[in-house]
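Have a look at the structure below, then the notes.
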Amino acid sequence: MPHSQAVTIVSTGQDARITRLRLFMLGALTLLFVVVQTAIVQARPESLAPLAEKISPSVVNITTTTVIEGRTGPQGIVPEGSPFEDFFRDFQDRNGEGNRPRRSSALGSGFVISEDGYVVTNNHVIEGADEILIEFFSGEELPAKVIGTDKNTDIALLKVESDKPLPFVSFGDSDDARVGDWVMAMGNPLGQGFSVSAGIVSARNRALSGTYDDYIQTDAAINRGNSGGPLFNMDGEVVGVNTAILSPNGGSIGIGFSMASNVVSRVVEQLKEYGETRRGWLGVRIQDVTEDVAEAMGLDKAAGALITDVPDGPSKEAGLLAGDVIVTFDGVDVADTRALVRQVGNTTVGKAVRVVVFRDGGTQTVLVTLGRREDAERAVPAAMDGGDPDVKEKEVLGLTLSLLTDDMRSEMGLPDEMRGLLVMAVDESTEAFEKGLRPGDVITEAGQQKVKSFGDLDDRIDEAKEAGRKSLLLLVRRAGEPRFVALGLDD
């Protein structure tokens, strides 16, 4: 019995120690939770007021005035086609208002980036304006002149003259902005003046319609009149310029777009120095590399920019060829055509750049000295070699083809020197139709070699099959514009 009691006592002691340990751990976890919550509360300010007070003096309202010639009708009074249209037109004519010039005003936003009075806004805010008036947070008003504009990014640089240093803000690194980060928008929405809204970064690297688009999407309220105003991070740095909204009714629904500051700052530097932009120019026409194009060319992955044409310019002088795939530019991997265009545009004019291309199953490095995009002339299709005068038709890959004749070139307005296979008809049930081939297209290359006859095309098909490829890469021209299309090969 004593032995049994001793065992019971020991067992009870162990339970007590375990209970105390559990209580200690629970207390430690509770304390840790409280500490973490306190840290979160301390990291997030209770109010955005201190930040708003700090940066408000650098934000401005912009009012533009434009003199518009007399109208020929009652536009803006009644809808076009309204039964009252003639009535209002007669009224305007009787009162001499039909041809009387009138002044039109518009509102926007902007921000000061230097103490000597440089102001950034959107190009569409001041475009065509005869007068530009800047209103500061203090109520002071100063006239502004345009230093330069860039329609591609919708950015304008203005300048005001002041007898005292102006409060200003600096650009931040928009690449550091993460989805979920807090941001603050300031501006003049709907003419209300110096209004603040807050939200988060909803998405990055949005493209709307421009070649150089790099928008930050935010749910901070942005409305008409906010255009040109700054989007701030919580450090008071400008990470975007509020430019556009997506809305079915013209008001904010939480989908706004701000041009990324890393794009804007480069444009502003050039506008300040030159009064215009000076973007690099490679001098090629390109398209994205799709999965089927990559397979047809023997690429490991669908990435890079496929050159479809090399007109006279920097790339032609350097030796780049149609059919090359640009895989790296100036040491940076090329993801797609959009990425390449932006990188080339951001590169200094006249810089010698190493371009790595995939050609003939391997990579080659070509040194290209960039030209200036703004000075580039419109490219014209390159001349082709002579061809076979045979005009018989042939059906292949869902296409009915014929060799080009002089009459065909004349009728279609094609260059006399162009050679290739003319698409006469396309079977609508085939891949060729699905990929956009249509009658009137001209196939000038197959398998990245020139096509002068049906025999050339047959040889390229055989070579592709022997190499184990499932598709054949065609260079197709429509109205002079080239593009590559990969068509599947029948077993």
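Pairing residues of segment 163-183 that are farther than 23 Å from SER114 by Cβ with residues that are among the aliphatic types (A, V, I, L, M) and part of a loop (DSSP other than H, G, I, E, B), at Cβ distances under 8 Å and at least 6 apart in sequence or on separate chains, gives ASP181/MET234; TRP182/MET234.
Residues in segment 249-277 that are touching a helix residue (DSSP H, G or I) at 6+ places or on another chain (Cβ under 7 Å) and either farther than 26 Å from LEU231 by Cβ or of a type in the set (A, V, I, L, M) (or both): ALA260 alone.
Can you tell me which residue within segment 251-297, out of those that are charged (D, E, K, R) and assigned to a helix (DSSP H, G or I), is farthest from LEU320 (Cα to Cα)? I'd like the intermediate steps shown before the answer.
Going through segment 251-297, the residues charged (D, E, K, R) turn out to be 266, 269, 272-273, 276, 278-279, 285, 288, 291-292, 295.
Those left that are additionally assigned to a helix (DSSP H, G or I): 266, 269, 272-273, 291-292, 295.
On the way: ARG266: 28, GLU269: 31, LYS272: 34, GLU273: 32, GLU291: 23, ASP292: 23, GLU295: 22 Å.
Per the criteria, the residue is LYS272.
Filter segment 318-347 down to the residues that are buried (at least 17 other Cβ atoms within 10 Å of the Cβ) and small (Gly, Ala, Ser) and list them by number. Those that are buried (at least 17 other Cβ atoms within 10 Å of the Cβ) and small (Gly, Ala, Ser): ALA318, ALA322, GLY323, ALA339, GLY345. I'm checking my understanding of the structure. Among residues of segment 160-176 that are surrounded by 17 or more Cβ atoms within 10 Å (Cβ to Cβ) and outside any loop (DSSP other than H, G, I, E, B), which one is nearest to the chain's Cα centre (by Cα)? Applying the filter and picking the extreme gives SER174. Kindly indicate whether any position in segment 309-317 is surrounded by 18 or more Cβ atoms within 10 Å (Cβ to Cβ), at pLDDT below 90 and assigned to a strand (DSSP E or B). So far as segment 309-317 goes, yes, one or more of its residues are surrounded by 18 or more Cβ atoms within 10 Å (Cβ to Cβ), at pLDDT below 90 and assigned to a strand (DSSP E or B).
Going through (1) under 36 Å from the mean Cα position of the chain (by Cα); (2) over 25 Å from GLY298 (Cβ atoms) one by one, GLU434 falls short only on (2). Restricting attention to segment 335-354, does a residue exist that is free of Cβ contacts under 8 Å to residues at least 40 places away in the same chain and in contact with a helix residue (DSSP H, G or I) (Cβ under 8 Å, 6 or more places away or on another chain)? No, there is no match, as no residue in segment 335-354 is free of Cβ contacts under 8 Å to residues at least 40 places away in the same chain and in contact with a helix residue (DSSP H, G or I) (Cβ under 8 Å, 6 or more places away or on another chain).
The values are calculated or read from the model by the stated rules, or taken from the named source; none is laboratory data. Note that the structure is a prediction, hence the values are computed from the model and not measured. Neighbour counts run over all protein chains shown; Cβ positions are idealised from the backbone, glycine included.
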